[in-house]
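Below you'll find the structure, written out as structure tokens, and then a few comments.
The values are calculated or read from the model by the stated rules, or taken from the named source; none is laboratory data. Owing to the predicted nature of the structure, the values given are computational and were not obtained by experimental measurement. FYI the Cβ positions are ideal-geometry reconstructions off the backbone, even for glycines, and counts take in every protein chain you see.
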2 protein chains.
Amino acid sequence: YPAGDPMWGYFTAVAGQDGEIDAEELQRCLSQAGIHGSYTPFSLETCRIMIAMLDRDFTGKMGFNEFKELWGALNAWKQNFCAVDHDRSGTVEPHEMNQAILSMGYRLNPPTLNAIVKRYSKNGRIFFDDYVACCVKLRALTDAFRRRDSMQQGMVNFIYDDFLQCTMAI
Amino acid sequence: YPAGDPMWGYFTAVAGQDGEIDAEELQRCLSQAGIHGSYTPFSLETCRIMIAMLDRDFTGKMGFNEFKELWGALNAWKQNFCAVDHDRSGTVEPHEMNQAILSMGYRLNPPTLNAIVKRYSKNGRIFFDDYVACCVKLRALTDAFRRRDSMQQGMVNFIYDDFLQCTMAI
Ligand SMILES: [Ca+2]
Ligand SMILES: [Ca+2]
Ligand SMILES: [Ca+2]
């Protein structure tokens, strides 16, 4: 493994004996790293969703490359969130959430945006932890959809088991 | 509204002025009702998923009929969980979870079962709160799938926005 990579030592310290990171370890590690900054730390539920996003072999754990991929995605989402949350209240409002989703390159129609924003709001505001959970799901579901939409027609055929495998874990 | 229904007074007391129950109110109400028994109370996340399961109009809230439907489902799931959790440890183990899912009438292949069990386990055990979250999702996703599988072929065509509307909220 890349001995020159500064994150490798960090990863091995967190992962422990089995060389992989589970949801509890991820939560501890993200808290210690302070990636949430002045926002509330990530819930265990969000950490599980993060792992599920990258866990193609359904072990419930995360190796080094997946960890680095997640780290990059988290930093991008945080930057995006900060750009929208001007007053650093730790929340974004519904219309700002719409903007944020569009700026990530997703093309969604208004009812879909509305359903998403409602789901991740508390009293009409979206907190950082829920924002990240939303971004993770949106990315994982879009990835799963695109992998099956080989003709890029915006339409996919799912059999029942495949549909559940794509959706139950996240 | 059914004045003779003993749950109506209870519902209105919880719902307050707007006559609907949101996730925070649901969490409080289920805790007070003690439906979790000797198990840990429901997390806010699980309460949000419960509402999303029944919330066809995407308001993020629940009316009286939906509340009664949820109440019935919760009692059935609790009974099912107790039947599997013989020693009342508050957890079921993976092979018992497989059994529980099959006994609810779902026909899933082994990789799907495996993915589901991994996702809802902590250290190889499934707690009541996660069990219910799993049941809610499985039911909501299966309902969404079946509504679109009008020929009952076990296969559905999803366009991207519809796929996200079915899956992002739960
Ligand atoms: Ca893995
Ligand atoms: Ca703000
Ligand atoms: Ca047990």
Exercise for the section: Output yes when any residue across the stretch A:59-70 is within 16 Å of ligand 1 (Cβ to nearest atom), within 11 Å of chain B (Cβ to nearest Cβ) and either under 26 Å from B:ASN157 (Cβ atoms) or of a type in the set (Lys, Arg) (or both), and no when none is. Expected result: yes
Exercise for the section: Assess whether A:ILE170 counts as being modelled with pLDDT of 90 or more and either touching a strand residue (DSSP E or B) at 6+ places or on another chain (Cβ under 8 Å) or within 26 Å of A:ASP55 (Cα to Cα) (or both). Expected result: no
Practice task
Show the residue pairs that are 6+ apart or on different chains and have beta-carbon atoms under 6 Å apart, the first residue being within the stretch B:74-97 and under 15 Å from B:LYS122 (Cβ atoms), the second being among the charged types (D, E, K, R) and part of a loop (DSSP other than H, G, I, E, B).
Solution key: B:VAL92/B:ASP85
Completion exercise
For the stretch A:26-57 the number of residues that are within 13 Å of ligand 1 (Cβ to nearest atom) and within 12 Å of chain B (Cβ to nearest Cβ) is 7
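For every residue, the table says whether it meets (1) β-branched (Val, Ile, Thr); (2) at the interface with another protein chain (Cβ under 10 Å from one of its Cβ atoms); (3) farther than 24 Å from A:ASN75 by Cα.
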site: A:SER103; (1), (2), (3): no, no, no
site: A:ASN109; (1), (2), (3): no, yes, yes
site: A:VAL117; (1), (2), (3): yes, yes, no
site: A:SER121; (1), (2), (3): no, yes, no
site: A:PHE128; (1), (2), (3): no, no, no
site: A:ARG148; (1), (2), (3): no, yes, yes
site: A:GLN153; (1), (2), (3): no, yes, yes
site: A:ASN157; (1), (2), (3): no, yes, yes
site: A:ASP162; (1), (2), (3): no, yes, yes
Completion exercise
Note on the stretch A:109-149: residues of a type in the set (Gly, Ala, Ser) and over 14 Å from B:PHE158 (Cα atoms) are A:ALA115, A:SER121, A:GLY124, A:ALA133, A:ALA140
